[in-house]
Structures are given as C-alpha cells and as structure tokens.
Amino acid sequence: MTVKIATIAGRVMLAILFILAGVSKLLDLGEIQEFIEGRSILPAFLALPTALFEIFAGLALAVGLWPRIVAPAMAVFTLLTIVFFHYDLANTQEMALAMKNLAIAGGLLMVYAHAEATR
C-alpha cells in the first residue's frame, strides 16, 4: 500500500467516527444536552455546535480539505472530551474511553504531520 493510499484511508476511517457521532447527536439533541449537563460543567447548548463540528470537520478530513487546520482542531476537541467527560480514570470503562480518545487524537496529529508530505 502506498503512503498516499494509506493516508487517505486513515483520514477516511478517522472521519467516519466523527461524522457518525455528529449525526447521532443531531438525531437526539435532547439526550445529548442532558448528557452534557449531567457529566460536565459545560452548558447544554453546546450539543448542536458539537454535532455540527463533528460532521463538518469529519467531512473536511475525509476529503482532505484543510487537513493542517482541521486535524489539530479535531485532536484538541478529542482531548477535551477526556478532560470534560472521561476524567474518572479509576473507572475502567472511562479509562478505556479516555485511552481510545487519546489514540484518536494521536492519529489526527499524524494526519496533520503528513498532510503536506502527501499532496
């Protein structure tokens, strides 16, 4: 597999996570708002912008639009989910979710690092 094919495939695989998560949030904004209020100090109104960010950033990532801007923004977003939602690392389920998000953020930083090299 060439580097270019691997880069595109990796971007698309990461993007699918975000696109599906965003669509899922849009389909049940009320539940997501309750989740945000119940699990963090963040305001519930962030549910809609979060869903839209996940969808549009995911689409941009999938097609390779502005990867040197989109990928780090998505990495920061993903790391912030650990801080605000998966911070109870004594809970094994929360630890697993935090580690998954850490790995996703790492993958996004790799997209950033290789964006120029694979044009």
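The values are calculated or read from the model by the stated rules, or taken from the named source; none is laboratory data. For clarity, every value in this text was computed on a predicted model and none was experimentally measured. Note that each Cβ is placed from the backbone with ideal geometry, even for glycine, and that neighbours are counted across all protein chains shown. For the accessible areas, the whole protein counts, side chains as well, though only heavy atoms, and no ligand, DNA or RNA atoms are used. Shrake-Rupley method; radii C 1.70, N 1.55, O 1.52, S 1.80 Å.
Annotation note: of M74, M99, M95, M110, the sole residue that is touching a Leu at 6+ places or on another chain (Cβ under 7 Å) and open to solvent by 30 Å² or more (accessible area, probe 1.4 Å) is M95. Please indicate, with yes or no, whether at least one residue in the range 66-84 is on the phi < 0 side of the Ramachandran plot, part of a helix (DSSP H, G or I), over 14 Å from the mean Cα position of the chain (by Cα) and of a type in the set (S, T, Y). Within the range 66-84, none of the residues are on the phi < 0 side of the Ramachandran plot, part of a helix (DSSP H, G or I), over 14 Å from the mean Cα position of the chain (by Cα) and of a type in the set (S, T, Y).
Does at least one position in the range 2-9 carry a residue that is touching a Gly at 6+ places or on another chain (Cβ under 8 Å), within 17 Å of Y112 (Cβ to Cβ), open to solvent by less than 80 Å² (accessible area, probe 1.4 Å) and at pLDDT below 95?
Just the residues of the range 2-9 that are touching a Gly at 6+ places or on another chain (Cβ under 8 Å), to begin with: 8.
Retained after the next criterion (residues that are within 17 Å of Y112 (Cβ to Cβ)): 8.
Narrowing further to those that are open to solvent by less than 80 Å² (accessible area, probe 1.4 Å): 8.
When the remaining residues are screened for being at pLDDT below 95, the result is 8.
Checking the range 2-9: at least one residue is touching a Gly at 6+ places or on another chain (Cβ under 8 Å), within 17 Å of Y112 (Cβ to Cβ), open to solvent by less than 80 Å² (accessible area, probe 1.4 Å) and at pLDDT below 95.
Among the residues making up the range 1-23, none is under 19 Å from the mean Cα position of the chain (by Cα) and outside any helix (DSSP H, G or I).
Beta carbons closer than 6 Å, at least 6 apart along the sequence or on distinct chains, pair a first residue in the range 87-106 that is farther than 24 Å from A57 by Cα with a second that is of a type outside the set (A, V, I, L, M, F, W, C) and surrounded by 15 or more Cβ atoms within 10 Å (Cβ to Cβ) for D88/E94; E94/H86. Only residues that are farther than 22 Å from A98 by Cβ, within 17 Å of the chain's Cα centre (by Cα) and surrounded by 13 or more Cβ atoms within 10 Å (Cβ to Cβ) were counted in the range 24-62, giving 8.
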